[in-house]
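The values are calculated or read from the model by the stated rules, or taken from the named source; none is laboratory data. Please read all numbers here as calculations on a predicted model, not as lab measurements. Neighbour counts run over all protein chains shown; Cβ positions are idealised from the backbone, glycine included. Ligands, DNA and RNA are excluded from the accessible area calculation, which covers all protein heavy atoms including side chains. Shrake-Rupley method; radii C 1.70, N 1.55, O 1.52, S 1.80 Å.
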Amino acid sequence: MAAPAIATGYGGRLTVDLGALKRNWIALSKVSRGALTGAVVKADAYGTGITQASRAFHEAGARFFFAATPDEGIAVRAALPEDAHIFILSGLYPGSAPLYVGERLMPCIASIPMLEEWLQACIASNQALPAALHFDTGINRLGFRLNEVSIVKRMIDQIGYQPQMIMSHLACADTPAHEKNRTQLALFTSVMAQFPGIPASLSNSAGLMTNRENHFQMVRPGIALYGGRAVAGRRNPMAPVVTLEAPVLMTKDVKTGETVGYGALQTMSQDSRIAVVAIGYADGFFRSLSSSNNHRGTNVAIRGQLCPVVGRVSMDMIGVDVTDLSEPPRPGEMVEILGPHVSVDDHADVANTIGYEVLTSLKGRYTRQYTEGASPTG
Ligand SMILES: *Cc1c(COP(=O)(O)O)cnc(C)c1O
């Protein structure tokens, strides 16, 4: 994340609770007892900070990490002791094998050209370089097609290569009743039969939280570690990790019939008090969280009380209806954008997206701080 050149501390404040990250990892490792529990730390650990989050998971006991790109893998390698095992979910980029070898990164090999390059690197270095083989059981994204299993087997048998792990990825795990979950599980089981004795991994957060049969030898949770809702329509048992606050700039009384914000999309139906708060879409507070006469927007919280956003979200600010507060907020008072009263998924539902996008969009003009629960650690 590019830090702003000047940070006076007057803007928003994003707090990541490292204690909550650890508790979430431990809770999931209990759910998947018997399997190894990895930690997915792609996209700057879902926006929470890849270095700090990886260290928190390692302290909690995690030893297997999943990054998306080699750059992320290098960041994890630099953050952690030698005993960390790092998989790269995007696989192998052409020409990148020497970099992976140097940094001890394990690609999740997903195609014949990737496998050719990796086996060449094994031959050239006289080592059985560890890697996962990723099979596509129906998501039609990364992974070998199932009719390539025999080619893959022939290629690796030729040099006696054994993968570290075989894996696949569920397309519909957040919807447990979806029948694709059963077909993918059956297809993955048939692939496993072709690789006896090799550890297998199928589950993301939702897959591991909904069905023990998905666990196999390794689970790969991401969103649940960060407090997001993994399974649609269920109570989310995870501890919230991210608190985001932004300051009130000023308050203003607006009369019945007046409108607020760009486009004049929301007309006040009563005399109201509006707080102008210093966060906007440039900070990852989506424009689709806006409110208008015919579409309710999202809420934020002030002193623990929910207050609706009024009118359009601007680049740098939002209007918040604070009429119902017994005392108007003071300039500089912090508004809870995300935290104990407003979840990542509350915003996601209004914006018609998912918590993943809310979290990974928080790249704004914030002061970041990390806590272990109670006291800031800098
Ligand atoms: C992102 C990802 C995960 C983690 O998914 P969550 O839904 O965040 O738990 C696991 N496996 C693969 C292949 C992924 O791309």
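Roll a 1.4 Å probe over the protein chains and send me the accessible area per residue for the stretch 292-378 in Å². All intermediate terms of the calculation are to be shown ahead of the outcome.
On the way: 4260 Å² over 87 residues.
I get 49 Å² per residue for the stretch 292-378.
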*Relative contact order for the chain: what is it in percent, counting Cα pairs under 8 Å that are at least 6 residues apart?*
18 percent
*asked:* For Asp17, what accessible surface area do you get with a 1.4 Å probe? Give it in Å², rounded to 10.
replied: 30 Å²
*asked:* At 1.4 Å probe size, put Asp316, Asp271 in order of accessible surface, largest to smallest.
replied: Asp271, Asp316
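Given +1 on the Cβ of Lys and Arg, -1 on the Cβ of Asp and Glu, and no further charges, what dipole in debye does the stretch 250-297 carry about its Cα centre, rounded to the nearest 20? Mind dumping the intermediate values first?
Numbers: 5 positive and 4 negative charges, 14 e Å.
The dipole of the stretch 250-297 has a size of about 60 debye.
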_Label-point separation, Thr353 to Ala177 (7 Å along Cα→Cβ), nm_ = 2.8 nm
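When N counts the residues of the stretch 240-371, how does its alpha-carbon radius of gyration compare numerically with 2.2 N^0.38 Å, as a ratio?
So the Cα radius of gyration is 0.98 times the expected 2.2 N^0.38 Å.
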*For the stretch 127-136, what does the Karplus curve 6.51 cos²θ - 1.76 cosθ + 1.60, with θ = phi - 60°, yield as ³J(HN,Hα) per residue in whole Hz, taken in order and with x for Gly and Pro?*
9, 8, 5, x, 7, 9, 10, 9, 9, 8
*So what does Val344 come to for accessible area, using a 1.4 Å probe and Å² rounded to 10?*
20 Å²
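Just reorder Met218, Met155 by solvent-accessible area, largest first, 1.4 Å probe, all chains present. Each step should come with its number before you reach the end.
Numbers: Met218 5, Met155 35 Å².
Sorted by accessible area, descending: Met155, Met218.
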*Taking a cut-off of 22 Å between Cα atoms, list the lysines near Lys363, but don't count ones fewer than 8 places away on the same chain.*
Lys42
*How would Met167, Met250 rank on accessible area, largest to smallest, probe 1.4 Å?*
Met250, Met167
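Quick one: compute a quarter of the convex hull surface over the Cα atoms of the chain and quote it in nm². Let's see the in-between values first.
Working: hull surface 82.2 nm².
With the hull built on Cα positions only, its mean projection is 20.5 nm².
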*Roughly speaking, to the nearest percent, how much of the chain's 1.4 Å accessible area is carbon and sulfur?*
53 percent
_Roughly how far apart, in whole Å, are the Cα centres of the stretch 65-134 and the stretch 325-341?_
46 Å
*Could you state the accessible area per residue of the stretch 22-135 in Å², with a 1.4 Å probe and every protein chain left in place?*
39 Å²
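Work out the length of the dipole vector of the stretch 240-371 about its Cα centre, built from +1 on the beta-carbon of each Lys and Arg and -1 on the beta-carbon of each Asp and Glu, and round it to the nearest 20 debye. Working shown, then result.
Values: 11 positive and 15 negative charges, 59 e Å.
Charge dipole, the stretch 240-371, about its Cα centre: 280 debye, nearest 20.
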*For the stretch 195-210, just list the computed ³J(HN,Hα) in residue order, Karplus coefficients 6.51, -1.76 and 1.60, θ = phi - 60°, integers in Hz, with x standing in for Gly and Pro.*
10, x, x, 8, x, 10, 9, 10, 9, 7, 3, 5, x, 7, 7, 10
*From the P(r) of the stretch 18-226, can you give the percent of Cα pairs sitting at distances over 20 Å?*
55 percent
*Test item: Cα-centred dipole of the chain, Lys/Arg +1 and Asp/Glu -1 on Cβ, debye*: 540 debye
